[in-house]
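Novice: Before anything else, here's the structure in question.
The values are calculated or read from the model by the stated rules, or taken from the named source; none is laboratory data. Bear in mind that the values here come from a model prediction, so they are computed numbers and not experimental data. No Cβ is skipped: glycine too gets one built from the backbone with ideal geometry, and neighbour counts run over all protein chains shown. SASA here: full protein model, heavy atoms, side chains in, ligands and nucleic acids out. Shrake-Rupley method; radii C 1.70, N 1.55, O 1.52, S 1.80 Å.
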Amino acid sequence: MAEPFPPEPWQLRGDMVTAVWLVPGRETPGWRLPAGVRPLRLGRFRVLVTFWVDYRPGGTLAYRELLVALAVRDRRGPAACAVEVWVDDPRSLAGGRTLWGIPKELGSFTFGPATPSTGAGATRTRLVVRGGPAGPGAVVTGTQQDLLPLPGRLRVRGRLLQPHPVHGTCAVPLRLSGRVRLGRARLTAEPGGPLACLDGRRAVLAATIRGFRMTVGRAGGRPPRTPGGAVS
């Protein structure tokens, strides 16, 4: 029987809003990290990065996603670990969990304009989390406003380091390019929910990346395991 999700790598395209948040370490949940991976600290703060993404048709899959990543480091240097993720497509959920150990849950999304008081050009994204640690009906709302376009297309490479039940530490390569507009973002979340630590905060850096193209994973599938269960 065919797999319920596409093999890696995934070639994705669309629009996203990404934001960087500084949160006191004592206020962040005790997320599980891979062995040998530690949070990246700025004084008493930890660094969280959120990605509100609208993956459009023309890529491997088309769906919507909220991904929250904790900035981390290992012996190779800085990376990120996806710690809270919601998608509205079961194939994305199954593939993320099985291929890379990304802890995806199902959610429903509403993308639309913000209130007039937020400012010209602002948009608002509403996520209703179904199931998972947040319980039924928990709501997360993100508001962002574009301010300053940057010339050309941004090109970045990165990696996720994920605890995987079969492969130990799974290193997931990422490549992305797109047109960037710097802006600002805020987030509200229900008390007691998985993102309560971000409720009411203003991002220290935010950007909209339009028309992006992104590659997730490796060509040819998963490489052999290295000693200690790590995938390099």
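Novice: With point charges of +1 on the Cβ of Lys and Arg and -1 on the Cβ of Asp and Glu, referenced to the Cα centre of the range 144-226, which listed residue (L187, L198, G158) lies farthest in the positive direction of the dipole?
Specialist: Result: G158.
Novice: Over the range 1-49, average the accessible area per residue using a 1.4 Å probe and give it in Å², no decimals. Mind dumping the intermediate values first?
Specialist: Values: 2760 Å² over 49 residues.
So the range 1-49 comes to 56 Å² accessible per residue, rounded to a whole number.
Novice: Which whole-Hz ³J(HN,Hα) couplings does the range 43-54 yield from phi under the Karplus relation 6.51 cos²θ - 1.76 cosθ + 1.60, θ = phi - 60°, glycine and proline marked x?
Specialist: Working through the residues one at a time gives x, 8, 9, 10, 9, 10, 10, 10, 10, 9, 10, 10 Hz.
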